[in-house]
Amino acid sequence: MNHDSYSDAYIRGILVTHRSIAMVGASANPSRPSYYAMKYLKTKGFRVIPVNPGQAGKEILGEKVYASLAEIAEPVDIVDIFRNSEAALPITHEAIGMGAKVVWMQIGVRNDEAAKLAEQAGLKVVMNRCPKIEYGRLSGELGWAGVNSRRISNKRAMLGTKGLQHRVLREASD
């Protein structure tokens, strides 16, 4: 797979199909991007489990924080990596071991060796992207927030204006 560019269908497929996320590198600091991303994804119906050894046993946004992926007892679909590129490979090993379906590396995080390993194990991979931003982009919410795409279009948002769940339920009933 070309990890320099992802189709909207590929990203949308991941966000529609997978609803639980282990966020490795989640922060308890409300000014950090991982905190805001976690808060946003929770409001969109995702189950987000924070992973941060420095915060283990505490709570972030009402969710128990785990020291590692191995400590999480419930199934996890997506492992979202909010760590540096070098940390992505050992985290990917853990993600494979726990049965995750997707390894998602945040903006600025790229590790081709980790991507290859994950794909060989049957996982989907996204690098250098943020699920919060991708969800907002595909649902049309970025436009509501004042982000100017410099494009005028009558095309409907791919995830629907009422969000992902509304669109999925409507398509399922068609």
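A few notes on this one:
- Neighbourhood charge, 10 Å Cβ-Cβ cut-off, centred on residue 17 and excluding it, Lys, Arg +1 and Asp, Glu -1: +3
- Positive contributions from Lys and Arg (+1) and negative ones from Asp and Glu (-1), summed over other residues with Cβ under 15 Å from the Cβ of residue 116, come out at -2.
- Charge tally for residue 91 (other residues, Cβ to Cβ under 14 Å; Lys, Arg +1; Asp, Glu -1): -3.
- The phi torsions of the stretch 117-129, fed into the Karplus equation with coefficients 6.51, -1.76 and 1.60 and a -60° offset, translate into couplings of 4, 5, 5, 5, 8, x, 8, 7, 9, 10, 10, 6, 9 Hz, rounded to whole numbers, with Gly and Pro shown as x.
- 3J(HN,Hα) along the stretch 35-49: 5, 5, 4, 4, 4, 4, 5, 4, 5, 9, x, 7, 8, 10, 10 Hz, from the Karplus curve 6.51 cos²θ - 1.76 cosθ + 1.60 with θ = phi - 60°, whole Hz, x for Gly and Pro.
- For the stretch 8-130, the share of DSSP beta bridges that are antiparallel, to the nearest 5, is 10%.
Just so you know, all these numbers are worked out from the coordinates, no wet-lab data involved. All of these numbers come straight from a predicted model, not from anything done at the bench. For neighbour counting, all protein chains shown are included, and Cβ atoms are generated from backbone atoms with ideal geometry for every residue, glycine included.
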